[in-house]
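*Asks:* Below is the structure I would like to discuss, written out as structure tokens.
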Amino acid sequence: MIERSQQLHDRARRSMPGGVSSPVRAFDAVGGTPRHIVSARGAYLTDADGNRLLDFVGGWGAAILGHGHHAVALAVREQARIGTAYGVCTPREAELAERARERVPAVEMLRFVNSGTEAVMSGVRLARAATGRDVVIKFEGNYHGHADGLLGSAGSGPLTLGVSALHGVPESATRSTLVLPYNNADALAEAFERYGEQIAAVLVEPIAGNMGLVLPRAGFLESARALTRRHGALLVFDEVMTGFRVERGGAQVRRGVTPDLTTFGKVLGGGLPIGAYGGRRGLMEQIAPAGDVYQVGTASGNPLTMAAGIATHDRLDARAYERLERHAARAAEGLRRVFGESACVSHAGARLGVAVGVASVRDRAGARAADHALYARFFHEMLERGVHLPPSGYEAWFVSLAHERAEIDHLLSAAEESWSALSASRVWKEARGASC
Ligand SMILES: *Cc1c(COP(=O)(O)O)cnc(C)c1O
């Protein structure tokens with residue numbers, strides 16, 4: 001039954017473009033009607049028709065403790081009673097900043113903003129100011145928010161919807177962005193060979209999560225580190241998705257490569273809107289009012305967000321990451337058994353990636369080669385079995401601390417049933433020995 005969701009979606013469409021506040025929520029890529037969620041608890045969403053759905057969207061990663069966690073709810077409620085928007089200094093900003101610093105050694109200082117988009121936009125501004133150069137290198141299929149200069153060949157929504165995402169973006173805004181294939185250290189070295197003097201920064205998702213889940217090949221991040229250092233450019237890790245998720249210190253700690261600047265979002269705010277960028281003291285003190293790189297925000301460091309973020313981080317101890325890792329690894333293992341050689345299943349910390357119909361994915365071309373029509377059918381088979389996956393084969397699946405053994409079992413049995421239902425009408429491209 002999805003009658004109420006259908007009615008709510010029709011209603012939403014009358015007042016909102018496509019009926020959504022963000023295109024990745026629409027079911028355009030998979031067909032059908034988005035479920036309208038009226039409440040959520042732990043690993044489960046409840047839609048307007050009363051269906052209980054096991055959730056792997058997880059607020060696109062923000063809900064790492066699970067939905068409606070009592071400690072976060074309590075912190076937010078208590079803060080709401082004493083004010084939701086001061087617009088002046090409050091002690092919790094430094095408290096959350098300290099938690100981020102403790103976890104990510106390369107971040108000596110950070111500035112809070114309100115979204116990942118803003119974090120990257122501001123981080124790039126700082127990189128340009130600090131180097132006195134303009135060119136930013138980004139990679140195909142990575143997503144860094146929707147700032148004008150960074151939308152070219154972007155992952156996530158633009159990749160899902162197959163749109164160029166550059167309508168309304170002036171040519172002047174993209175002139176200083178150089179887009180290269182992900183995981184290709186040679187292409188990066190060549191770019192530095194040609195434009196080395198002009199390159200302000202290399203911006204990269206250290207473990208890509210917006211074209212499905214694509215791990216960096218051995219040496220890719222290390223090359224980016226060496227090249228930026230040699231040519232006086234900055235290495236910027238976009239850890240909006242990986243930060244505080246793939247492990248306590250994020251992808252940079254996990255992969256042992258230290259960037260100059262890091263951007264955060266999602267988990268950092270415990271489910272409330274947030275972004276942040278940080279790095280060495282000497283760099284960060286170039287930001288106003290300590291320095292002369294301007295960046296500002298009415299709601300930045302909002303007390304509700306700070307309260308939710310602190311409550312979340314205080315529950316993310318070493319044991320929590322060990323559990324996240326264990327459950328995600330078990331899910332990945334089980335999914336590999338279900339799909340056999342017909343899909344590339346990857347995992348990194350509390351994220352999963354499933355690319356059906358391909359043996360391995362290392363870049364955007366590989367992600368595109370997956371069978372997205374088949375993913376759409378799989379998605380709906382899963383939804384019928386009470387499992388809500390991301391409505392796109394280009395998105396990662398998120399595991400939270402509320403996904404325990406029973407939830408992973410549910411995922412795996414639903415996947416097995418769904419996959420065999422589809423196998424009855426086997427139509428997919430043959431994968432050549434899954435190796436990812
Ligand atoms: C989600 C995401 C962003 C954008 O964050 P918003 O809060 O949606 O603006 C940027 N970079 C990466 C890697 C992301 O996953």
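The values are calculated or read from the model by the stated rules, or taken from the named source; none is laboratory data. Only a predicted model underlies this, so the values are computations on that prediction, with no experimental measurement involved. Heads up, the Cβs are rebuilt from the backbone with ideal geometry, glycines too, and the neighbour counts pull from every protein chain shown.
*Asks:* Among the residues that make up segment 202-210, is at least one of them more than 22 Å from Gly275 (Cβ to Cβ) and more than 12 Å from the ligand (Cβ to nearest atom)? Give the steps one after another, and end with the answer.
*Replies:* Let us first name the residues in segment 202-210 that are more than 22 Å from Gly275 (Cβ to Cβ), namely none.
Scanning segment 202-210, I find no residue that is more than 22 Å from Gly275 (Cβ to Cβ) and more than 12 Å from the ligand (Cβ to nearest atom), so the answer is no.
*Asks:* Working carefully through the options Gly212, Gly116, Gly155, Gly123, find the one that is crowded, with 19+ Cβ neighbours inside 10 Å, in contact (Cβ under 8 Å) with a residue 24 or more places away in the chain and on the phi > 0 side of the Ramachandran plot.
*Replies:* On the way: Gly116 fails: on the phi > 0 side of the Ramachandran plot; Gly155 fails: on the phi > 0 side of the Ramachandran plot; Gly123 fails: on the phi > 0 side of the Ramachandran plot.
Of the residues listed, the single one that is crowded, with 19+ Cβ neighbours inside 10 Å, in contact (Cβ under 8 Å) with a residue 24 or more places away in the chain and on the phi > 0 side of the Ramachandran plot is Gly212.
*Asks:* When both residues are 6+ apart or on different chains and their Cβ atoms are under 6 Å apart, which pairs have a first residue that lies in segment 362-388 and is acidic (Asp, Glu), and a second that is assigned to a helix (DSSP H, G or I)?
*Replies:* Glu381/Ser418; Glu381/Ala421
*Asks:* Surrounded by fewer than 22 Cβ atoms within 10 Å (Cβ to Cβ), in the same structural domain as Gly366 (by TED's automatic domain parsing), more than 16 Å from Val267 (Cβ to Cβ) and without any contact (Cβ under 8 Å) to a residue 60 or more places away in the chain: does that describe Glu322?
*Replies:* Numbers: surrounded by fewer than 22 Cβ atoms within 10 Å (Cβ to Cβ): yes; in the same structural domain as Gly366 (by TED's automatic domain parsing): yes; more than 16 Å from Val267 (Cβ to Cβ): yes; without any contact (Cβ under 8 Å) to a residue 60 or more places away in the chain: yes.
Taking the combined requirement at face value, the residue satisfies it.
*Asks:* Hey, Ala97 hits all of (1) within 16 Å of the ligand (Cβ to nearest atom); (2) under 30 Å from His313 (Cα atoms) but one; which does it fall short on?
*Replies:* (1)
*Asks:* Something else now. Looking at Tyr195 and the list (1) assigned to a strand (DSSP E or B); (2) more than 14 Å from the ligand (Cβ to nearest atom), which single condition is not satisfied?
*Replies:* (1)
*Asks:* Is it the case that segment 93-101 has a residue that's modelled with pLDDT of 95 or more and touching a Pro at 6+ places or on another chain (Cβ under 9 Å)?
*Replies:* Quick first cut of segment 93-101, residues modelled with pLDDT of 95 or more only: 93-101.
From the residues that got through so far, the ones that are touching a Pro at 6+ places or on another chain (Cβ under 9 Å) too are 93.
Yes, because at least one residue in segment 93-101 is modelled with pLDDT of 95 or more and touching a Pro at 6+ places or on another chain (Cβ under 9 Å).
*Asks:* Next up: Residues Val88, Val24: which one is modelled with pLDDT under 95 and either within 16 Å of the ligand (Cβ to nearest atom) or hydrophobic (A, V, I, L, M, F, W, C) (or both)? Walk me through it before giving the result.
*Replies:* Values: Val88 fails: modelled with pLDDT under 95.
Unique residue meeting the criteria: Val24.
*Asks:* Of the residues Pro158, Pro170, only one is in contact with a Leu (Cβ under 8 Å, 6 or more places away or on another chain) and in the same structural domain as Thr242 (by TED's automatic domain parsing); which?
*Replies:* Values: Pro170 fails: in contact with a Leu (Cβ under 8 Å, 6 or more places away or on another chain).
Being in contact with a Leu (Cβ under 8 Å, 6 or more places away or on another chain) and in the same structural domain as Thr242 (by TED's automatic domain parsing) holds for just one of Pro158, Pro170, which is Pro158.
*Asks:* Additional query: Given (1) in a strand (DSSP E or B); (2) away from the ligand (no atom under 15 Å from the Cβ), identify the lone condition not met by Phe112.
*Replies:* (2)
A quick yes/no check of all residues on (1) under 12 Å from the mean Cα position of the chain (by Cα); (2) within 16 Å of the ligand (Cβ to nearest atom); (3) of a type in the set (A, V, I, L, M, F, W, C):
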| residue | (1), (2), (3) |
| --- | --- |
| Leu213 | yes, yes, yes |
| Ser223 | no, no, no |
| Arg245 | yes, yes, no |
| Thr262 | no, yes, no |
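*Asks:* Something else now. So which residues in segment 27-82 are among the charged types (D, E, K, R), over 21 Å from Ala12 (Cα atoms) and surrounded by fewer than 18 Cβ atoms within 10 Å (Cβ to Cβ)? Break it down stepwise before answering.
*Replies:* Step one: list which residues in segment 27-82 are among the charged types (D, E, K, R), which gives 28, 35, 41, 47, 49, 52, 55, 77-78, 81.
Add one more test, that the residue is over 21 Å from Ala12 (Cα atoms), and what stays is 41, 52, 55, 77-78, 81.
Answer for segment 27-82, where residues must be among the charged types (D, E, K, R), over 21 Å from Ala12 (Cα atoms) and surrounded by fewer than 18 Cβ atoms within 10 Å (Cβ to Cβ): Arg41, Arg52, Arg77, Glu78, Arg81.
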